[in-house]
Amino acid sequence: MNQETNNPLVQSFLPYMPDVMQRQVALHELHQTWRLIEASAKMNCPVEARLLLPAVLATRTDLVQLERDLVANLVIEKVRQVQSEAATRAQYALDLLVRNLFERTADVGFLAADLDLCRFVSGQSTDDDAARRRLAAYRDKYTVYDDILLLKPDGSVLAQADASGRIGHSSDPLIAATLGARGHVETFRASDLRPGQARALLYSQAMREPGGAVIGVLVLSFRFEHELGAIFSAYSDREGRANMLLLDADNRVVSSADPLWIAPGMQVPVNLDDGTAPRMFAGREYLVRTFASNGYQGYPGPPGWKTQVMAPLDLAFRGARQEAASQVAPGMLQGLLSHAHTFNPALHALMSSVLGATQAIRRIVWNGKVGSVKPAHGETRDYSRLNPVLDQITETGERSDAAFSQSIQGLYQTVLASSLQAAAFTAQLLVDMLDRSLYERANDCRWWALAGQLRQALAGGDEQERTNGIGALLHHINGLYTVYARLFVYDRSGRIVAATGSQDVVGSQVPGETLRAVAGLRSEMDHYVEPFGPSPLYDGRPTFVYHAAIRHPERDAAVVGGIGIVFDSAVELRNMLESGVAGRANMHAFLVSPDGRVLCGTDPAHPPGSVLPLDRELLTAASQQGHDARIVAHGGQYCVAACARAQGYREFRAVTGREQPVLSVLLQSFGPLRSAQELAAMGGQARVTPEHEHGRDFALFQVDGVLMALDAGAVIEAVPFARVKRTPASDSARIGMLDVAVDRERRHVVWVFDLARWTSGHPRALPGDGQVILVHHGATTVGLLVNDVHSVQRFAPEAASPIGMAGDETGITVGLIKANGGELLIQEISVEKILAQVCAAMVPA
């Protein structure tokens, strides 16, 4: 990414990021230091520095551009992080709301066909109290409703569940609209059906006689404010840096997480196209993310509804979003960072630029030191005045490298924190969706167990009529509630008397443990769920099966059988997981038990029933604390992992031990694990402490993480590998040619060889950012490809020990040099032996 800091978009955000501005000031001060070094070299040693100054100028120019790119990327990544968090919150809030309302569309269709209520509305039953009790029982089980009403076609209210707000008649136009509709009608506005409320979300459907004649209207009043408040509480910004809104089709605020900040009814700017430009609202600039629903199973949600998060620029970038990332082990961070090219190309490009600048600075000093050891081409000039300049370049280069590296780390922490944050949000969403879905399952089985037709049929009557009547009702219900693979009813002995789906299960027995648990349910408010596992009622696949007791129509204490509902787990759980990872590369999601056993997952390598090979600490932390996110090693990959515990919804999971504990797990892989040797090679250069005033001068360099040395007198200079003209690949170490200057007027071509090929004896991938060291012996000059130059050091004779190196198949290593008091060993390479290898590698003309 090549973003200038004078980019208007970057400039609009930069004043709100004091940490980035501090980095910019520090980098700019280093730029001024480089200018002073140039001026000092020109004044104090212009002749000696003439070959270095162009390289210093080029490096300074590169650092200026790098500073601009780095600051711009820091700004853009911080904006992206805030935008991503806002988008995730907005999307998940609307997804949960739409899924919730989808269940309401099935409820109203089912309850409008309830046999007992239809008899009451048609006049076949005149027991007003029984009708009210039945409505209240439904509301008590499905606690998302605040009222349920039965109306005549003329608007007269026959019965309602809410005893505190009785009304006798309604003139709401929704009644006529419902009578003329083929299905349900969704209404959101003020209504005389809910007096005293500024607005109500109502689901209505016509009630009909068995022959099809309309007899009345059923209305469900959804607890909209309460439900939306719970969603806002779960997914809005708890630190108060942003506000979450529900908008209508005209972009007016339907509801606000903080109405004193942005009030309902206000029209606000939206951002549906992923843009990052600030939006102005009420004299304040905001980052805005808006999400419109794609619907759920064909249900689009209320027309035009959207969720939106608005973060003012003066608050958006506050807070510690990097805490989780800063706790990761350095080795794990370093390994993950080595794969930056896959998960953040802009970060990788900056890392490469910083590495290139660092190498250029090191090469400048290295070449200067080499030149001061033995001036090239027979010159006898005193280079002592150049050494202070080289020392200044070294010191400033180290400061520059440290400053840029710290900034890169800051950028990396932002990227990583964003990934951890997104994974944590998704993990939480998955268990929230699961609990909300299973809440509905628990409600469904309890309610259907109260159906008068089922109670009468199991209490007595002709078996054939009983089976046919129960079967017809179950098929009607299953047609409305498509999340079930099968519904079945069994008698007090546990024999299944009717079922949807294949009929081969009719006559079979429910497990004895299940029958005893259902018979022991104390009231109609209780249910029993079988432990998640393979079920013969689901073709042997694992699933949840919910049960409720069917009681005698006249004696509630007498259990005459039960109803079981088989959740279509393979489809529904998979849909939940895929909705969380949709469009996100290299990410898998799972629902697991606390011991890691998979209930469902998106990775076929870990099918249901298998144990997910995951760090137990992650599962334990999530089980105890509710959630956790960290960097882990999984499947030979560096992964961002997040885990969340299902904590319940409304009264669901309120009773300890009734529901099986479930955890969600998110795994996003970023690249294969690095070996200790690879990490060591990427860990930077070892520091060599100057210890000797007298002795031999050696030019030090690195090859695949190993520190090596050449007699400095045999070295001409180092140049970037990018200047090499590559030759076709061969079995030899020869890799290309390099055009070099003999003197000010003459140039010639030298062969370049991969030194690592000689030291290891094996081919390797050539480093794109390597250095070529030009060495000479007599009249012969060759180039040696190394990973990087290190320094030029003087060692006393006693520091070097002649020795042959194991694994050095070509024998070019002739000794070891002890540095840093013997704690660091450096391999000494022989120029003569290298040239012998060159002669062997050359193909005769």
### Query
Taking the inverse of the average 1/r across all pairs of different Cα atoms in the stretch 416-499, what Kirkwood radius in Å do you get?
15.3 Å
### Query
Under the classification rounded if a/c is under 1.5, otherwise prolate if a/b is larger than b/c and oblate if not, where does the stretch 451-567 fall, given a ≥ b ≥ c as square roots of the Cα gyration tensor eigenvalues?
oblate
### Task
Bin width 10 Å, alpha-carbon pairs only: give the P(r) of the stretch 660-774 as whole percents, running from 0 to the bin holding the largest distance.
10, 31, 29, 16, 6, 4, 3, 1, 0
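Counting DSSP beta bridges in the chain, what percent are antiparallel, to the nearest 5?
Counting only bridges with both partners in the chain, antiparallel ones make up about 95 percent.
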### Summary
Residues whose modelled amide H sits under 5 Å from the amide H of Ile550, counting only those 5 or more places away in sequence or on another chain, are Val560, Gly561, Gly562, Ile563
### Query
Using alpha carbon centroids, what distance separates the stretch 70-124 and the stretch 665-679, in Å?
36 Å
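Tell me the relative contact order for the stretch 82-235 as a rounded percent, counting alpha carbon contacts under 8 Å between residues six or more apart.
On the way: 236 pairs, mean separation 38.7, N = 154.
Answer for the stretch 82-235 is 25 percent.
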### Summed residue charge, Cβ within 12 Å of Ser171's Cβ, Lys/Arg positive, Asp/Glu negative
-3
### Query
What are the radius of gyration and Dmax of the stretch 685-841, computed over its Cα atoms and given in Å?
15.3, 46
### Placed amide H near Leu247: partners under 5 Å, 5+ positions off or other chain
Val254, Lys306, Thr307, Gln308
### Query
What relative contact order, as a whole-number percentage, does the stretch 685-841 give when Cα pairs under 8 Å and 6 or more residues apart are counted?
28 percent
### Task
List every residue whose amide H lies under 5 Å from the amide H of Arg674, counting only residues 5 or more places away in sequence or on a different chain, with H placed 1.01 Å from N in the peptide plane.
none
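Counting Lys and Arg as +1 and Asp and Glu as -1, what is the net charge of the other residues whose Cβ lies under 13 Å from the Cβ of Val789?
Details: positive: Arg362, Arg363, Lys369; negative: Glu717, Asp769, Asp788.
After counting each charged neighbour, the total is 0.
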### Message
With θ taken as phi - 60° and the coefficients 6.51, -1.76 and 1.60, list the Karplus ³J(HN,Hα) couplings across the stretch 287-295 in order, rounded to whole Hz; mark glycine and proline as x.
### Response
8, 10, 10, 10, 10, 9, 6, 8, x
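Relative to the Cα centre, what is the charge dipole magnitude of the chain, using +1 at the beta carbon of each Lys and Arg, -1 at the beta carbon of each Asp and Glu, and rounding to the nearest 20 debye? Please report the intermediate quantities before stating the final value.
Numbers: 78 positive and 91 negative charges, 113 e Å.
So the dipole magnitude of the chain works out to roughly 540 debye.
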### Message
About the Cα centre, and with charges only on the beta carbon of Lys, Arg (+1) and Asp, Glu (-1), how big is the dipole of the stretch 451-567? Nearest 20 debye, please.
### Response
140 debye
#### Entry: the stretch 190-205 - phi-based ³J(HN,Hα) in whole Hz, Karplus 6.51/-1.76/1.60, Gly and Pro as x
5, 8, 6, 6, 10, x, x, 9, 5, 6, 9, 9, 10, 10, 10, 8
#### Entry: Answer label, with volume of the Cα convex hull per residue in Å³ calculated from the coordinates and candidates (1) 180; (2) 155; (3) 207
(3)
## Note on the structure
Going from the fewest other Cβ atoms within 10 Å to the most, one would list Met708, Met21 as Met21, Met708
### Summary
Residues Lys306, Lys818 in order from fewest to most other beta-carbon atoms within 10 Å are Lys818, Lys306
### Query
Considering only Ile826, Val789, Phe753, whose Cα is most displaced toward the positive end of the charge dipole of the stretch 685-841, charges sitting on Cβ of Lys, Arg (+1) and Asp, Glu (-1)?
Phe753
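How do Met433, Met351, Met525 line up, fewest other C-beta atoms within 10 Å first? Mind showing how you got there, number by number?
Details: Met433 25, Met351 20, Met525 12.
In increasing order of surrounding Cβ atoms, one gets Met525, Met351, Met433.
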### Charge-dipole axis of the stretch 451-567 as Lys and Arg at +1 and Asp and Glu at -1 on Cβ define it, positive-most pick from Val483, Val506, Ala557
Ala557
### Summary
With the charge dipole of the stretch 16-74 built from beta-carbon charges (+1 for Lys and Arg, -1 for Asp and Glu) about the Cα centre, the Cα from Leu63, Leu52, Gln24 projecting farthest to the positive end belongs to Leu52
### Message
Taking θ = phi - 60°, what integer Hz values does the Karplus form 6.51 cos²θ - 1.76 cosθ + 1.60 yield along the stretch 634-646, in sequence order, with x for Gly and Pro?
### Response
8, x, x, 10, 6, 10, 7, 10, 9, 9, 9, 9, 5
### Query
Share of Cα-Cα pairs in the stretch 236-301 beyond 17 Å, in percent?
47 percent
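Under a Cβ-Cβ cut-off of 15 Å, what is the net charge of the residues other than Leu193 that fall near it, where Lys and Arg count +1 and Asp and Glu count -1? Walk me through the numbers before you get to the answer.
Working: positive: Arg139, Lys152, Arg166, Arg189, Arg194, Arg199, Arg223; negative: Asp146, Asp147, Asp154, Asp162, Asp172, Glu186, Asp192.
Local charge sum for Leu193: 0.
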### Message
Given an 8 Å cut-off on Cα distances and at least 6 residues of separation, report the relative contact order of the stretch 502-640 as a percent.
### Response
12 percent
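Bear in mind that the values in this text are calculations on the coordinates, not laboratory data. Just so it is clear, the model here is predicted, and its values are computed rather than measured. Neighbour counts run over all protein chains shown; Cβ positions are idealised from the backbone, glycine included.
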